[in-house]
Structure formats: structure tokens, C-alpha cells
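Derivation of every value follows stated rules applied to the coordinates shown; laboratory data play no part. These numbers come from a predicted model, not from an experiment. Note that each Cβ is placed from the backbone with ideal geometry, even for glycine, and that neighbours are counted across all protein chains shown.
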Amino acid sequence: MLLFIPDTLPDDDKQLISKMYEKHSRRMFAAAKQITNDKGDAEDAVQNAFVSIVKNIGRINIDDEEAMRGYLLTVVKNEAVNILRKRKDSEPVDEMTGIADGCDVEFLTEKREVFEYAVKIMSAMDEKYRAPLYLSTVMGFSIKEVAKTLGRDHKTVKVQISRARKMLADALTEAGYEL
């Protein structure tokens, strides 16, 4: 349920935002939950994303459905990452992961290190590899969806994803992480 639509918005924009929410909120929630691994945080990320979307409603290209979906998913992903950063800064590791006493905190810490290093590697990749890898791996797009979103041939995208995964695996292995 969308909680916030300002009264100052024109009625057309209110209807547009409501339609966006109805059509895309489930997928946005799924993307946020993949990142946060927490239902409440994922819900917060979706709400925060729509607050941002309301602020930028005039800049959204509503005529291109794929571009709009990509934009919405990017906004919610960024909100989910922001929530994780805030949580990381404010909670001890055992509370943050929701683990019980006796769980292997060292393993969980290493898992987080691997994730953070993988994000760093992906951020440094050339855009032609980073974008398809991000859309397929993080956002859950199919190869066809990635190709359409990026305006590339699906065979090219398949090769780029494969190469990006190999680069990522090689960099993680070189850094001493076991895959």
C-alpha cells in the first residue's frame, strides 16, 4: 500500500504514481528484499523509493515502459543499499543478521566482505560488462530483458554477462576468496 502521495501534486500525477505502484511495487519489493534480506527493510526501501519518485515525477519517461521499470528498480535498489548502510553503521553484526547465539559470526563477516569486494569489482568494470551483469544478477532480468533495456543484441548480452562473471570470479579468486 502506497502511504505517501502529496496533495500538492496534480491529479494526473497522483494517478500515474498510483498506477506505477500497482504495476511495479511487487517487483521493486522483490529486488529490495534480495538486497536487504529483510521484509521490513524491503518495504521501507519501496516506500522511500516512491518518495523519491514523487519528487522527480516530471523527469520520468512514462512513454518507455522498459526504461521506466529500469528506473524504478534502480531507485529502489539504491534505497535498499542506503538502508543497509544505515543498519551496518548502527547495529552489531549479530543483531544485523538476525542470528542466534552460537552461529558462525566469522563466516557471516567473511560473506559480507566477499559481497562488498564483489560490489567494488563490479563498480570498477567497464560499463559494457557492468550494466548487463547488474541487470541480470542483481535485478533478476532475463537476458532478453537486459538486451531490450540496454538496446543490445541478446547474444552480445549473453557473452558480456559471461565475461563479466568470469572477471568477477577471477578477481575474487585473486584476492584470496574461495568460490
Worksheet, complete the sentence: Ranking Asn37, Asn61, Gln15 by how far each Cα lies towards the positive end of the charge dipole of the stretch 1-90 (+1 on Lys and Arg Cβ, -1 on Asp and Glu Cβ), the top one is Asn37
Discussion item. If every alpha-carbon in the stretch 1-90 counts as one equal scatterer, what log10 I(q)/I(0) does Debye give at q = 0.19 1/Å?
Written reply: -0.81
Practice prompt. Give the cross-link partners of Lys19 among the lysines, using a straight C-alpha distance below 23 Å as the criterion and excluding same-chain residues fewer than 8 apart.
Written response: Lys33, Lys39, Lys55, Lys77, Lys148
Worksheet, complete the sentence: Computed about the Cα centre, the charge dipole of the stretch 1-90 from +1 Lys/Arg and -1 Asp/Glu charges at the Cβ has a magnitude in debye, to the nearest 20, of 460 debye
